[in-house]
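Read the structure below first, then the notes.
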Amino acid sequence: MIVEAKSAQFDTIALESGASLSPVEVAYETWGHLNAERSNAILITHAFTGDAHAAGISHENGRPGWWDNMIGPGKAFDTDRYFVICSNVLGGCQGTTGPGSINPATGRPYAMSFPVITIRDMVRLQKMLIDHIGIPMLLCVAGGSMGGMQALEWAVSYPEMVRCAIPLVTTWRHSAQQIAFNEVGRQAIMADPDWCGGDYYDKKPPARGLSVARMIGHITYMSDESMREKFGRKLRDKEKVGFDFGVDFEVESYLRYRGNQFVGRFDANSYLYITKAEDYFDLTNGTGRLVDAFQKDDAFTKVDTRFLIISFTSDWLYPSYQSQEIVRVLRRINGDVAYCDLQSNYGHDAFLVDIAEQSEIVRGFLDSTARIARAA
Amino acid sequence: MVREPVTLTERPDFHVIGEIIQPGSKVLDLGCGEGELLAWLVENKNVLARGVEISPAQVRKAIARGVSVYQGDIDEGLADYPDKAFDYVILSQTLQETRSPLQVLKEMLRVGRQAIISFPNFGHWTVRAAMLFTGQAPKTKLFPYNWYNSPNIHFLSINDFEDLCRENGFRIERRDFLAGARKVRLLPNLLGKTAVFLVG
């Protein structure tokens, strides 16, 4: 399945901070066909370093999509039945306007003059895209991690447009530990002399800082058990340790490889802006009253959106209790919520790699939602 | 996706529960397993269905079946629901497995207008006979487990349940006693294998 990158441009977007961006461009891809009733559209929202290329083989570079095991003909998000859309987030560096884009006012990249953006701003831009494509109501918004935050934000900001939401391995607000890891990543980038206050676009990028940030990220996406299984204390191309500070262990080699590879495809300033958006994320705007977020107007507002929430037992970056908090609140307002804490050793990455059970659940949940939609 | 039609052949108490539940009502099934009963009620009675189940494997199957089930513990899982959120709260063949049965019954009647409770009758003659003749923890068709691996942690007969309802002011609005699919009218506490109560 070959897919082509598409893009849409809008004159302006008003941001939560009060600033605005003009113009703004959004890169997206689609799979499957929109039906005549325009009722089978699913928006996939990507995680932190993801992009619009969620499935199929890229026409531009031949790479498979980051959720190709979940999206496609006969897969959980079955493109024979559903019209699936995924766009790169605002602030990103894979075709959507971000700090590396040219500021039309100066003719130079925005760099750190790019306004601070939020998860809500990302969702607002997705809403503009969905309106632009001409979809009155999404059958589903689904995503994991930061993608899950966007799915939750959709359900809260535009409940009338979301028949069901599938927030996976996510939270309704970033915890101190999550903010802490992001801050270490940001500091690694900003401590790299090549960062130059963000003005590195005509020079070499802060590759060392960005690579260290990515290494930390990778550790948090795995689990003690998955690292033990994958690497143990295996040495890299040697029989015994070298008594120097070259690469001794497999795990060191892996992290360095992942770090270096990341530098080639990700912009350091996007890393700063997107992690900031994650850290600012709080579905309750600081009140801590999650019930009010889902039930804005009065106590009798009906919450029609169905929710499927999934966590994984070994995910310590977005622990199961964060998903369970959302489930409990939805129950309190008698919302339609299905929840499962799936067993996996893969840590936070489980939603990307350990997908057999996740597929079974998502497929059935989407099928029943489509049935309810037809009956309505 | 091809869906198999939902049938209730395996569990006779499901038939009685199916008779009791009014079309279009709001139903919560505690310990709903793979969601067979809820799926049947959705298809045949157009109910709004919710379920709670502790086993992740069963939760998975229930959600895949299209029923909104969440993984959780019945003993503590009801606290979040508002009063009278449901028309019926069902506890099918699970009361004897809960840690605090009385607390669960009270919670069921708080979140539901009515509660439907079914359980295997520990007063059935086969259980009495097994105990009498072997002098050991009874192991019968109705209670097939060994004492050390049984999920049943409280044993109650039909008469025990009626006593509990009387002592706590629960109003029994309907009672059905079954032996297989057959309804038992004579000496239910001796001859009934499964009891189904509608409590208000």
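Values quoted throughout were computed directly from the atomic coordinates according to the rules given, and no laboratory measurement underlies them. For clarity, every value in this text was computed on a predicted model and none was experimentally measured. Note: ideal-geometry Cβ built from the backbone for every residue, glycine included; neighbour counts use all protein chains shown.
Relative to the Cα centre, what is the charge dipole magnitude of chain B, using +1 at the beta carbon of each Lys and Arg, -1 at the beta carbon of each Asp and Glu, and rounding to the nearest 20 debye?
480
For chain B, find the longest principal axis of its Cα atoms and tell me its angle to the long axis of helix B:101-111, 0 to 90°, nearest 10.
It is inclined by approximately 30 degrees.
So for segment A:179-276, averaging the separation of alpha carbon pairs under 8 Å that are six or more residues apart and normalising by length, what relative contact order in percent results?
Answer for segment A:179-276 is 31 percent.
By how many degrees, 0 to 90 and rounded to 10, does the Cα axis of helix A:356-375 deviate from the longest principal axis of chain A?
30
Decide, for segment B:1-127, between rounded, prolate and oblate: order the square roots of the alpha carbon gyration tensor eigenvalues as a ≥ b ≥ c, take rounded if a/c falls under 1.5, and otherwise choose prolate if a/b is larger than b/c, else oblate.
rounded
Points 7 angstrom from Cα along the Cβ direction at A:Asp224 and B:Ile153: gap in nanometres?
My value for the distance between the label points is 2.8 nm.
Scan segment A:9-105 for GluC sites (Glu not before Pro) in coil per DSSP, keeping those whose Cβ has at most 12 other Cβ atoms within 10 Å, and list them by number.
A:Glu37, A:Glu60
List the aspartates and glutamates whose alpha-carbon lies under 14 Å from that of A:Lys230, not counting same-chain residues fewer than 8 positions away?
Output for A:Lys230: A:Glu250, A:Glu252, A:Asp349.
Obtain the nm distance between the two label points defined at B:Ala57 and A:Met190 by a simple spin-label model: each point lies 7 Å from its Cα along the Cα-to-C-beta direction.
Label-label distance for B:Ala57 and A:Met190, simple model: 5.1 nm.
When the helices in chain A are scored as -39500 (n - 2.57) per DSSP H run of 4 or longer and the sum is shared across all residues, what 222 nm value do you end up with, to the nearest 500 deg cm²/dmol?
Helix-only estimate at 222 nm: -11000 deg cm²/dmol.
Roughly how far apart, in whole Å, are the Cα centres of segment A:343-360 and segment A:169-201?
Computed from Cα coordinates, the inter-centre distance equals 26 Å.
Within 10 Å of each Cβ of B:73-82, how many other protein chain Cβ atoms are there on average?
Mean shielding by partner chains, rounded to a whole number: 2.
Go from 0 up to the bin containing the longest alpha carbon distance in chain A, width 20 Å each, and give me the % of pairs per bin.
28, 59, 12, 0
Rank B:Leu187, B:Cys165, B:Ile90 by how far each Cα sits towards the positive end of the charge dipole of chain B (+1 on Lys, Arg Cβ; -1 on Asp, Glu Cβ) and give me just the farthest.
B:Leu187
Please report A:Lys203, B:Lys183, A:Lys75 as a ranked list, fewest other C-beta atoms within 10 angstrom at the top and most at the bottom.
A:Lys203, B:Lys183, A:Lys75
DSSP loop (so not H, G, I, E, B), at most 16 other Cβ within 10 Å: list which trypsin sites (Lys or Arg not before Pro) in segment A:283-376 pass both filters.
Of the trypsin sites (Lys or Arg not before Pro), the ones in loops of segment A:283-376 whose Cβ has at most 16 other Cβ atoms within 10 Å are A:Arg289, A:Lys296, A:Lys302.
How are the Cα pair distances of segment A:69-219 distributed, in percent, across 10 Å bins from 0?
10, 30, 33, 22, 5, 0
Taking a 24 Å limit on the Cα-Cα distance, which of the listed pairs B:Lys26/B:Lys106; B:Lys26/B:Lys61; B:Lys61/B:Lys84; A:Lys6/A:Lys127; B:Lys45/B:Lys106 fall beyond it?
Pairs exceeding the cut-off: B:Lys61/B:Lys84; B:Lys45/B:Lys106.
Run the dipole for segment A:52-166 about the Cα centre, Lys and Arg Cβ at +1, Asp and Glu Cβ at -1, nothing else charged, and hand back the magnitude in debye, nearest 20.
That gives a dipole near 160 debye.
So what's the gap between the Cα centers of segment A:88-142 and segment B:77-138, to the nearest angstrom?
Result: 54 Å between the Cα centres.
What GluC sites (Glu not before Pro) does segment A:185-249 have in DSSP loop regions with at most 15 other beta carbons within 10 Å?
Listed in order of number, the matching sites are A:Glu239.
First check a/c for segment A:25-154, with a ≥ b ≥ c the square roots of the eigenvalues of its C-alpha gyration tensor; if it is under 1.5, answer rounded, and if not, answer prolate when a/b is larger than b/c or oblate otherwise.
Cα axes put segment A:25-154 in the prolate bin.
Across the residues of A:355-368, average count of Cβ atoms on other protein chains within 10 Å?
Shielding by partners across A:355-368 averages 4.
Taking square-rooted eigenvalues a ≥ b ≥ c of the alpha carbon gyration tensor, is segment B:54-136 rounded, prolate or oblate, where a/c under 1.5 means rounded and, failing that, a/b exceeding b/c means prolate?
Note, shape of segment B:54-136 comes out prolate.
Residue by residue through segment A:326-342, what is 3J(HN,Hα) from phi via Karplus (6.51 cos²θ - 1.76 cosθ + 1.60, θ = phi - 60°)? Round to whole Hz and write x for glycine and proline.
Taking θ as phi minus 60°, the curve returns 5, 4, 4, 5, 5, 5, 4, 9, 6, x, 8, 9, 10, 9, 9, 9, 7 Hz for segment A:326-342.
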